[in-house]
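Below you'll find the structure, written out as structure tokens, and then a few comments.
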Amino acid sequence: MTVTIVGSQLGDEGKGALVDLWGGDADVVARYQGGDNAGHTVVEGGDEYKLSLVPSGAVRDKVGVLGNGCVVNPKTLFSEIDELRERGLDPDVRVARRAHVIMPYHRVLDGIEEDAKSDSDLDAGTTGRGIGPTYEDKAGRRGIRVGDLLDPEVLRDRLEYVVPQKRALAEDVFGVEAGEAFDVDAVFEEYTEIGERLRDESMTVNAGEFLGSHLDDGDDVLFEGAQGTSIDIDHGIYPYVTSSNPTAGGAATGTGIGPTVVGRGEVVGIVKAYLSRVGTGPLPTELTGDDEELADSIREKGGEFGTVTGRPRRIGWLDIPMLRHAARANGFTGIAVNHIDVLAGLDEVKVGHSYDLDGEERFTMPATTERWGRCEPNLREFEPWNDVDWMAVAEEGYDAIPDNAQAYLEYVSAEVDAPIYAIGVGPDRAETIELANPFDE
Ligand code: IMP
């Protein structure tokens, strides 16, 4: 069977902890979208591994797959694999031949375009990894796929078509001097070598066939979503979004496994007990002004600094209309709620229960970001809960969670109409209370 793990909010919901927990019961862990914009930390045997591309299951002897819906920076891929090897692991990572390659010019163009947009507040605050420009070329049918790196003739043809266009874009449209990243010969040489390594290490696969044959053999597959529903290119707060589909449908299109198969499995939404946002754009429940100190303390306690970029994250109360939207877009069969320990000890705990927009109460997000930015949250107040020994709570289980925190969790579960499978009460791997294992459901 399959279990799909999806971010319900704006990314950084703590998906890694659950992927780590349930990935242990899977045979294969596959990513279906995004690239090295997704930071995740895995702690194994006291050692910490920071990964941005390699699926976290690869640290735990699982087969890790980067599906066709991913965009792959092979340099990041190799450096993460090399580091894991230096640290004594033997990661088994396979890359879809249909996945698109992040080329050097994509990364440069990401920075150039963000700069150009910043004058008009349209910059998305990207991670600068070249994600958007690579998906643009995919849709524009001028991308380079992983399979193309294995065939120097095809690669040369593709580069000769695309690189001069990118050079002209950098120089003539943006007025920036194009460097080596825009030189056909230099790029060709470097990327044929990358292709050779991919071939020598037998890393490339037809992802759909590879995953399909594992499923046919009765293996369990975990689909690891990156980012979150509200920064999905279709269902998110466009244009402040990433360029792929983190939502559950992406698990089908981004791997080559049909939606009926994904839908027969479980789809678990990961919820952070409050909001954090690394990029730009509106955020109706954001803690600003008089609430800045509160935001600072949540940020510090929750370690809310970007894993990939190190940027401090913006903080807000939980946004329930956002979660209702996510529950519908993904079809959650269950949820996991993280970081309830971070809200412990506060004088007040609130959630945005609904919005007021133009005098009307609304229970889900409007479809345009401009209207979302005009939404005033109707805040609902919860009785706060004290800080406790969360490790002891994790050992004892759900009943040891303070009553007021339980009331909060039960409210969230009712609003998204999905049962709670797990609760995160601290950053340590052992600090997750599991109520149900989706592979057993
Ligand atoms: P990109 O994915 O680098 O193109 O960035 C587009 C938007 O998605 C920006 O607002 C980023 O901050 C956001 N973003 C991308 N990856 C993540 C992530 O892993 N967590 C949270 N936000 C992300």
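The values are calculated or read from the model by the stated rules, or taken from the named source; none is laboratory data. The shown structure was predicted, so the numbers you read here are calculated from the model rather than taken from an experiment. Please note that ligands, DNA and RNA were not included when accessible areas were found on the heavy atoms of the full protein model with its side chains. Shrake-Rupley method; radii C 1.70, N 1.55, O 1.52, S 1.80 Å.
Please give the calculated 222 nm ellipticity per residue for the chain, where each DSSP H segment of at least 4 residues contributes -39500 (n - 2.57) and the sum is spread over every residue; nearest 500 deg cm²/dmol?
My calculation for the chain gives -10000 deg cm²/dmol from helical runs alone.
Could you sort E114, E376 by their accessible area in this structure, using a 1.4 Å probe and putting the largest first?
Ranked from most to least accessible, the order is E376, E114.
Taking every DSSP beta bridge that has both residues in segment 245-369, what percent is antiparallel when rounded to the nearest 5?
Bridges in segment 245-369 are about 55 percent antiparallel.
Mind grabbing the accessible area of H106 for me, 1.4 Å probe, Å², rounded to tens?
0 Å²
Report the accessible area of R85, computed with a 1.4 Å probe over the heavy atoms of all protein chains in place, in Å² rounded to the nearest 10.
Accessible area of R85: about 100 Å².
Please give the length that would be gained between D185 and D296 if that part of the chain were fully extended, namely 0.36 nm times their separation in residues minus their C-alpha to C-alpha distance (nm, one decimal).
This chain segment gains 35.0 nm when fully extended.
Would you kindly calculate the mean projected area, averaged across all directions, of the convex hull enclosing the Cα atoms of segment 271-440, in square nanometres?
Computed as one quarter of the Cα hull surface, the answer is 10.5 nm².
On a straight-distance basis, which lysines could pair with K62 in a cross-link, Cα separation under 20 angstrom, same-chain partners fewer than 8 positions away excluded?
Of all the lysines, those that pass the test against K62 - Cα under 20 Å, at least 8 places apart if same chain - are K15, K50.
Given the pairs K117/K138; K75/K138; K75/K272, which are separated by over 29 angstrom at their Cα positions?
Checking Cα-Cα distances, K75/K272 exceed 29 Å.
In whole percent, and with a 1.4 Å probe on the protein chains, what portion of the accessible area of segment 277-429 is carbon and sulfur?
44 percent
Roughly how many Å² is the accessible area per residue of the chain, as a whole number, for a 1.4 Å probe?
On a per-residue basis, 40 Å².
Got a number for carbon plus sulfur as a percent of segment 101-199's accessible area, 1.4 Å probe?
With neighbouring chains kept in place, the figure for segment 101-199 is 45 percent.
Leaving ligands and nucleic acids out of the surface, order D296, D20 by accessible area at 1.4 Å, largest first. Numbers along the way, then the final one.
Values: D296 70, D20 15 Å².
Largest to smallest exposure gives the sequence D296, D20.
State the antiparallel share, in %, of DSSP beta bridges confined to the chain, rounding to the nearest 5.
Among the beta bridges of the chain, antiparallel pairing accounts for roughly 40 percent.
Go through segment 129-138 residue by residue and turn each phi into a ³J(HN,Hα) via Karplus (6.51, -1.76, 1.60, θ = phi - 60°); whole Hz please, and just put x for glycine and proline.
With the stated coefficients, segment 129-138 comes to 8, x, 5, x, x, 6, 5, 4, 5, 4 Hz.
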